[in-house]
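Here is the structure we will look at.
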């Protein structure tokens, strides 16, 4: 097949070879992923992003080489008259070149359309977000897979719908690529609370605020750090909404987002853990009440120097998909599930002690867990260590798995780095405001009464539980006898001190 002489040059030849190889490699990766259902995140990266870039580069080199050869041939000759090149389809060379150009262009445009569509979806996929930067995104991706939103794609929350937020996310992504490439990112990575999209544009696309479950029964199992790993159960009636659904959000936990009230606050830190001022506005009556934390030196004049934020879903549900559990929490869950054998003496105590510290890396942490648990039972329960080594091995595996799911030493991530504002045991959570320390001018406080959010209907060890009336609440009984101390301090003040 004869082509114009200008095609025969090294630049155009290299471009054609580069484009051809890239095109066939793209087809190869697509065949692997679509036909054989094989491949990985890197296959998608090459098929949709890297190889198409080389394909375009090769196609660009072809006309550049042709132009360069034509200019070289014209050197020393009379200056061209400036007319446009003539394509004569009666000339076989021109006809062949024109046919190749048209066919190649059509194929390239079709492939580009499909490739662009697939590249868009690939960069929006959970696989791309979670596995491309293995070390950096490992904590978030691991926690996400065990979350209630594991079937919700990352972009549905982090980007949402609309072109403006899509563009913002991609521009932000460019800086993130730079940070990862040149190791400029902090460890741990700060939660971007100040750049999140409003909850009404993301969360409320699925969650309808006015239609919360009225009340929810929740049964929890805890295990004491004693020789028998004594089980302590508690049954709570959580007041998600009003007692009767017809009352809407007039009471219950989600009263905070009732359309008839507006709650604003000021936080003294980036994580919004320390809240010295709260303002409640009754939108029906216009009544305004301000609460100041009596332990903080914060006055109305201080407001001008701080951001006043209107409370929304994210102020409590701040870890909806990336929650890291404390050792006490995940060890209890694994004991309840049987992943850690509860019949192994003192395993809760041993597990808490070995998981207490900070570790430099994951491998050394897993080795320390194995060594310390093995040594403890060899020294304190030698007969058990000899006869039931399998049970000890199962406990070690359970503790190692729990550690791997919730501690990421390289990234500086563990449960207390990203406190969860739901609850009040291992972070301030609700008690950031509900602590009886936020007082109004009239002397009223933001109450820390437990029964505002839940009532206890049963508590105690299995077989000997204290049972209450479903409509009344039992007084909380601490599993370990600490008298009435729990009434004088916030739960987090003691529970956080354990770590």
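The values are calculated or read from the model by the stated rules, or taken from the named source; none is laboratory data. No experiment lies behind these values; they were computed from the predicted model shown. Backbone-built Cβ (ideal geometry, glycine too); neighbour counts: all protein chains shown.
Odds and ends about this structure:
- Residue list for region 474-494, restricted to those being in contact with a helix residue (DSSP H, G or I) (Cβ under 8 Å, 6 or more places away or on another chain) and in contact (Cβ under 8 Å) with a residue 40 or more places away in the chain: 490, 491, 492
- Being surrounded by fewer than 17 Cβ atoms within 10 Å (Cβ to Cβ) and touching a strand residue (DSSP E or B) at 6+ places or on another chain (Cβ under 9 Å) is a property that residue 444 has.
- Exactly one residue out of 295, 284 is at pLDDT below 90, more than 30 Å from residue 138 (Cα to Cα) and surrounded by fewer than 16 Cβ atoms within 10 Å (Cβ to Cβ), and it is 295.
- Flag if residue 169 is surrounded by 15 or more Cβ atoms within 10 Å (Cβ to Cβ), in a helix (DSSP H, G or I), free of Cβ contacts under 8 Å to residues at least 12 places away in the same chain and out of contact with any strand residue (DSSP E or B) (no Cβ under 6 Å at 6 or more places or on another chain): no
- Among the conditions (1) in the same structural domain as residue 440 (by TED's automatic domain parsing); (2) free of Cβ contacts under 8 Å to residues at least 40 places away in the same chain, residue 192 misses just one, which is (1).
- Answer residue from region 214-232, given it is outside any strand (DSSP E or B) and in contact with a strand residue (DSSP E or B) (Cβ under 9 Å, 6 or more places away or on another chain) and is surrounded by the most Cβ atoms within 10 Å (Cβ to Cβ) among those: 229
- Of all the criteria given as (1) within 25 Å of residue 255 (Cβ to Cβ); (2) touching a strand residue (DSSP E or B) at 6+ places or on another chain (Cβ under 7 Å), the one not satisfied by residue 312 is (2).
- Among the conditions (1) farther than 30 Å from residue 128 by Cα; (2) surrounded by 12 or more Cβ atoms within 10 Å (Cβ to Cβ); (3) at pLDDT 80 or above, residue 23 misses just one, which is (1).
- Residue check, residue 356 surrounded by fewer than 17 Cβ atoms within 10 Å (Cβ to Cβ), closer than 30 Å to residue 280 by Cβ and within 25 Å of the chain's Cα centre (by Cα): no
- Helices (runs of 4 or more DSSP H) completely within region 77-155 that count 2 or more residues being modelled with pLDDT of 75 or more, touching a strand residue (DSSP E or B) at 6+ places or on another chain (Cβ under 9 Å) and surrounded by 15 or more Cβ atoms within 10 Å (Cβ to Cβ): 134-145
- Residue in region 219-240 that is under 30 Å from residue 340 (Cβ atoms) and free of Cβ contacts under 8 Å to residues at least 24 places away in the same chain present: yes
- Verdict on residue 235 being surrounded by 14 or more Cβ atoms within 10 Å (Cβ to Cβ), part of a strand (DSSP E or B) and over 25 Å from the mean Cα position of the chain (by Cα): yes
- Residue that is in contact with a helix residue (DSSP H, G or I) (Cβ under 7 Å, 6 or more places away or on another chain) and either assigned to a loop (DSSP other than H, G, I, E, B) or closer than 19 Å to residue 320 by Cβ (or both), where the choices are 470, 422: 422
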